[in-house]
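Visitor: Here's a structure for you.
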Amino acid sequence: MADKQADLEVGGETYHFPTLEGTVGPDVIDIRKLYGSTGRFTYDPGYKSTASCESALTYIDGDEGVLLHRGYPIGQLAEHSSFMEVSYLLLNGELPSKEELDDFTQTITYHTMIHDQMRQFYQGFRRDAHPMAIMCGVVGALSAFYHDSTDISDPEQRKIASHRLLAKMPTIAAMAYKYSVGQPFLYPDNSLSYTGNFLRMTFGVPAEEYEVVPAVEKAMDRIFILHADHEQNASTSTVRLAGSSGANPFACISAGIACLWGPAHGGANEAALNMLREIGTPDRIPHYIERAKDKNDPFRLMGFGHRVYKNYDPRATVMQKTVREVFDALKVSDPVFETALQLEEMALKDDYFVEKKLFPNVDFYSGVILSAIGFPTTMFTALFALARTVGWVAQWNEMISDPDQVIGRPRQLYTGPTERDYVPIDQR
Ligand code: SDX
């Protein structure tokens, strides 16, 4: 049974704080009144021991390598579900009936087009602009187009904004790719699945019919499922914090995209494949493992380690299996996969990685698959953002609809100068 309170002795006083119990996972100490009663803040840069909110969306047990979306294990969802069904689950809390899923899918399908004027935004970027720079800009620009779905106090408008974001992300991402390769944009094709439509908008050309390869469509859809949501990660926390001020939902998602871009977060999938390519052949792995262990070398094994998982990231397990399926379906191979497998094997036998509990994460193998499907490494994080949009939107809705929601405003440990008088420049 959980302790009902936590006692804190400080400054000769004892303070009592209630503990709150979730349905599963660590209890939390409710310190909302700590500053008011002790005149002290907690100090937790990086929020390693801080629960920022209550949520019913996603549960992670980092020690056991467990990931549940509304209670369903990621492995089962990846095996049996679809990205549209997982999106419905995250947004509504329960798996849909067939009719509910069909209605939801049709709603999303009929929001996939973007306002035609938005096509001009792409012309403003250099052709070699990183797709994530384009995604930040164009998604932020959605806030200038859809004024009829930005009254966040109206659940109906929140729902429309959520559907628009989920639906338009594939179109925006595909257009970012097309722009970078100088090919014409393709409009959405409503006869295709969410993922099939994305593949066609990305790889199709006006001059010929695009044939969606079922095995690739299934693998891509599974990759979207694996990236859909992940508790209070950095980009989700960014969306929550931006949304806590009542900001435009499209602008909040653009903030999430910006945060995800970092190599320590979603940008790791691009960095991981670049690293594997730089390593090249397995005989060079020991050199890079030594570099990763060297405190004086900023090099890290990209796609390895995780703030929460101190065990194998369950998404990486599914991802590794999917590599083989895509290779078989496309009758391709890539020596970098063998390098990745051997790097994993050698790292997981090395005391440094074992002691620090550094395992492959979702980003370690994803790039191998995406590259085999035909995406350039610069598109990898844009695909992560495409898939994570439903998680960001679900978390944003959960926060906004919480009647106790307040603007997020952390404090600090101030170590700057104490008060001093201004000195005129002729006296300095
Ligand atoms: C994602 O939060 C999420 O849920 C994110 C995500 C999601 O779905 O939203 O799962 C997606 O972002 C996955 C992570 C992708 N990033 C990478 O693969 C980049 C490489 N990994 C690291 O930079 C690191 O592991 C982090 C950023 C992922 C986690 O960093 P932490 O939790 O802040 O841990 P840390 O940096 O304090 O590392 C602890 C120790 C350090 O050594 P010491 O100072 O204790 O001696 O482990 C070392 C680190 O130097 N370490 C690594 C390492 N990762 C951590 N050493 C070598 N290679 C690595 N990859």
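Visitor: So which helices (runs of 4 or more DSSP H) are wholly in the stretch 98-151 and hold at least 3 residues that are within 21 Å of F384 (Cβ to Cβ)?
Guide: Qualifying helices (runs of 4 or more DSSP H): 131-141.
Visitor: Take the residues in the stretch 283-311 that are of a type in the set (F, W, Y) and surrounded by 17 or more Cβ atoms within 10 Å (Cβ to Cβ); name whichever of them is nearest to the ligand (Cβ to nearest atom).
Guide: If we take residues in the stretch 283-311 being of a type in the set (F, W, Y) and surrounded by 17 or more Cβ atoms within 10 Å (Cβ to Cβ), then F304 is nearest to the ligand (Cβ to nearest atom).
Rundown of residues vs (1) more than 27 Å from the chain's Cα centre (by Cα); (2) among the aromatic types (F, W, Y); (3) under 25 Å from T238 (Cβ atoms), yes/no style:
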residue: E13; (1), (2), (3): yes, no, no
residue: F17; (1), (2), (3): yes, yes, no
residue: G25; (1), (2), (3): no, no, yes
residue: I31; (1), (2), (3): yes, no, yes
residue: R40; (1), (2), (3): yes, no, no
residue: D44; (1), (2), (3): no, no, yes
residue: A51; (1), (2), (3): no, no, yes
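Visitor: Starting from the stretch 14-41, take each residue that is over 30 Å from E64 (Cβ atoms) and touching a residue at least 24 places away in the same chain (Cβ under 8 Å) and list its partners that are among the aliphatic types (A, V, I, L, M) and in a helix (DSSP H, G or I), counting only C-beta distances under 8 angstrom and pairs at least six apart or across chains.
Guide: R40/L34; F41/L34
Visitor: Within the stretch 179-195, track down each residue that is over 14 Å from L383 (Cα atoms) and either surrounded by 21 or more Cβ atoms within 10 Å (Cβ to Cβ) or of a type outside the set (A, V, I, L, M, F, W, C) (or both).
Guide: Passing the criteria: Y179, S180, G182, Q183, P184, Y187, P188, D189, N190, S191, S193.
Visitor: Kindly evaluate H230 against the criterion of being within 16 Å of the ligand (Cβ to nearest atom) and assigned by TED's automatic domain parsing to the domain that holds E79.
Guide: yes
Visitor: Moving on to the next point. So L67 clears everything in (1) assigned to a helix (DSSP H, G or I); (2) under 23 Å from the mean Cα position of the chain (by Cα); (3) in contact (Cβ under 8 Å) with a residue 24 or more places away in the chain; (4) buried (at least 17 other Cβ atoms within 10 Å of the Cβ) except one condition, right? Which one?
Guide: Every listed condition holds for L67 apart from (1).
Visitor: Moving on. May I ask you to verify whether N397 is touching a residue at least 24 places away in the same chain (Cβ under 8 Å), within 19 Å of K310 (Cα to Cα) and either within 16 Å of the ligand (Cβ to nearest atom) or not β-branched (V, I, T) (or both)?
Guide: Criteria not met by N397.
Visitor: Run down Y59, Y35 and say which single residue is outside any loop (DSSP other than H, G, I, E, B), modelled with pLDDT of 95 or more, within 27 Å of K159 (Cα to Cα) and not assigned by TED's automatic domain parsing to the domain that holds T195.
Guide: Y59
Visitor: Then there is this: State which residue is farthest from H130 (Cα to Cα) when the search covers only the stretch 234-258 and only residues that are surrounded by fewer than 24 Cβ atoms within 10 Å (Cβ to Cβ) and near the ligand (Cβ under 10 Å from one of its atoms).
Guide: S237
Visitor: Something else about it: Could you list, ordered by first residue, the pairs with Cβ atoms under 7 Å in which the first is in the stretch 363-377 and closer than 13 Å to A268 by Cα and the second is surrounded by fewer than 23 Cβ atoms within 10 Å (Cβ to Cβ) and aliphatic (A, V, I, L, M), at least 6 apart or interchain?
Guide: Y365/V323; V368/V323; V368/V336
The values are calculated or read from the model by the stated rules, or taken from the named source; none is laboratory data. Just so we're clear, the structure is a prediction, and the values are computed from it rather than from any experiment. Neighbour counts are summed over all protein chains in view; Cβ atoms, including those assigned to glycine, are modelled from backbone coordinates with ideal geometry.
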